[in-house]
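First the structure, in the form of structure tokens, and then the observations on it.
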Amino acid sequence: MPAVFLNDRSLLLVSGAEAQSFLQNLITTDITSLGADEARPGALLTPQGKILFDFMIWQDGDGYMIETDAGQRDGLLKRLTMYKLRAAVTLATSTEEGVTVSWSEDAEGSQGVRDSQGVRDSRFAKAGVTLIRRPGKHGDGNEALYDALRISHGIVTSGSDFALQDAFPHDVLMDFNGGLSFRKGCYVGQEVVSRMQHRGTARRRVVTVSAATTLPKTGTEITAGGKPVGALGSVEGGSGLAIVRIDRAGAAMAAGTPLLAGETPVSLVLPAWSGLVFPTSGDEASA
């Protein structure tokens, strides 16, 4: 079973008597229902509802561990400190550097993964994959293996697939992967994302992209009939990810209009675990 060390990941520890309420009132994730061995995605939003920082979060003793991109760590720590005020919370960086991910897509191998020291990534669990995240270096597998796994199951990461402060949680499927709660109380940006949910206005969504040849580079525009529908994110050979306007893509597919990444013909598929379908009219996609 592959074990890949991600050296571009960093960890923050949030502890103290009010750690849970502090985070619950700030981030998109409902951490009160977080399982003891479960890691869920989450985000701290701008007041306008866009993703300011994205991360994975799990329980760590009486507190919480937040795993984020190394480039985001100091900014996230600073922002959390701004919100702390007089809360009985301690914020600190972890002594562990990087995170190791290991996984199995077969029933026999999955048991061994569950027994390891780590937490299960809920995003992959929804796609039928048991993937464990563990602080520190515990493997030397090729990172391209992990990227290929992400791409095949429609799981995005900021930087490679979307820019911070440019995407709403719905754009990256957080309304389906456990990272966005509509039942807990208020948090930063909650009013905007709740309105998107109830009005059904989310039209930008993650898709997997495939081509008969090697895809062009990340950032290449995807078009239909000369009009943009999105742009490529992570790319591995003939497979990739993109965030696209699924209303425009659906209309193009229904009309038989070719979809192109640059000059390369491509096909788009919504992740099966999301339950979404491409609209073929002005209606929003639905599960």
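The values are calculated or read from the model by the stated rules, or taken from the named source; none is laboratory data. It should be emphasised that the depicted structure is a prediction, and the values quoted were computed from it without experimental measurement. With ideal geometry, Cβ positions are generated from the backbone for all residues, glycine too; neighbour counts draw on all protein chains shown. The area values use the complete protein model at the heavy-atom level, side chains included, leaving out ligands, DNA and RNA. Shrake-Rupley method; radii C 1.70, N 1.55, O 1.52, S 1.80 Å.
How big is the chain by the Kirkwood estimate over distinct Cα pairs, in Å?
19.6
Which longest run of the chain has no exposed loop site in it, a site being trypsin sites (Lys or Arg not before Pro) in a DSSP loop with at most 13 other beta carbons within 10 Å, and the site itself not part of the run?
Working: sites that count: Arg86, Arg183, Lys217.
That would be 87-182.
HN-Hα J couplings of region 248-256 from phi, Karplus 6.51/-1.76/1.60, θ = phi - 60°, integer Hz, Gly and Pro as x?
Per residue, the Karplus-derived 3J(HN,Hα) values read 5, 5, x, 5, 5, 5, 5, 8, x Hz.
What is the chain's relative contact order, in percent, from Cα pairs under 8 angstrom and six or more apart in sequence?
Across the chain, relative contact order equals 19 percent.
Could you size up the charge dipole of the chain around its Cα centre, putting +1 on the beta carbon of Lys and Arg and -1 on that of Asp and Glu, and report it in debye to the nearest 20? Intermediate results must be reported in sequence, preceding the final value.
On the way: 27 positive and 32 negative charges, 182 e Å.
With only Lys, Arg, Asp and Glu charged at Cβ, the dipole is about 880 debye.
Placing +1 at every Lys and Arg Cβ and -1 at every Asp and Glu Cβ, with all other atoms neutral, what dipole size does region 203-274 have around its Cα centre, in debye to the nearest 20? Before the final figure, lay out each step's value.
On the way: 7 positive and 4 negative charges, 58 e Å.
It works out to roughly 280 debye.
I'd like to know which of Val209, Val244, Ile222 lies farthest towards the positive end of the charge dipole of region 195-258, counting +1 on Cβ of Lys and Arg and -1 on Cβ of Asp and Glu.
Projecting each Cα onto the dipole axis, the largest value belongs to Val244.
Quick one: what are the phi-derived ³J(HN,Hα) couplings along region 264-271, Karplus 6.51/-1.76/1.60 with θ = phi - 60°, whole Hz, x for glycine and proline?
8, x, 9, 10, 10, 9, 6, x
Each residue of region 6-17 in order: what ³J(HN,Hα) in whole Hz does its phi give by Karplus 6.51 cos²θ - 1.76 cosθ + 1.60, θ = phi - 60°, with x for Gly and Pro?
Coupling constants for region 6-17: 9, 7, 9, 10, 10, 10, 10, 10, 10, 9, x, 4 Hz.
Could you give P(r) for region 1-145, binned at 5 Å from zero, as whole percent values over all Cα-Cα pairs?
Pair shares across the bins are 2, 10, 19, 23, 20, 13, 8, 4, 1, 0.
Hey, which lysines would be in cross-link range of Lys50, C-alpha to C-alpha under 23 Å, not counting anything within fewer than 8 residues on its own chain?
Lys78, Lys84, Lys184
Tell me, what is the per residue accessible area of region 203-274 in Å², probe radius 1.4 Å?
Values: 3120 Å² over 72 residues.
Value returned for region 203-274: 43 Å² of accessible area per residue.
At a threshold of 8 angstrom on Cα-Cα distance, excluding pairs fewer than six apart, so keeping six or more, what relative contact order does region 3-155 reach in percent? Provide the component values of the computation, followed by the final result.
Values: 292 pairs, mean separation 49.2, N = 153.
The normalised contact order for region 3-155 reaches 32 percent.
What span do the alpha-carbon atoms of region 27-78 cover on each of the three principal axes, reported in whole Å from largest to smallest?
30, 22, 14
Calculate, for Thr214 and Thr257, the FRET efficiency according to 1/(1 + (r/R0)^6) with r their C-beta to C-beta distance and R0 35 Å; round to the nearest 0.05.
Plugging the Cβ-Cβ distance into 1/(1 + (r/R0)^6) gives 0.90.
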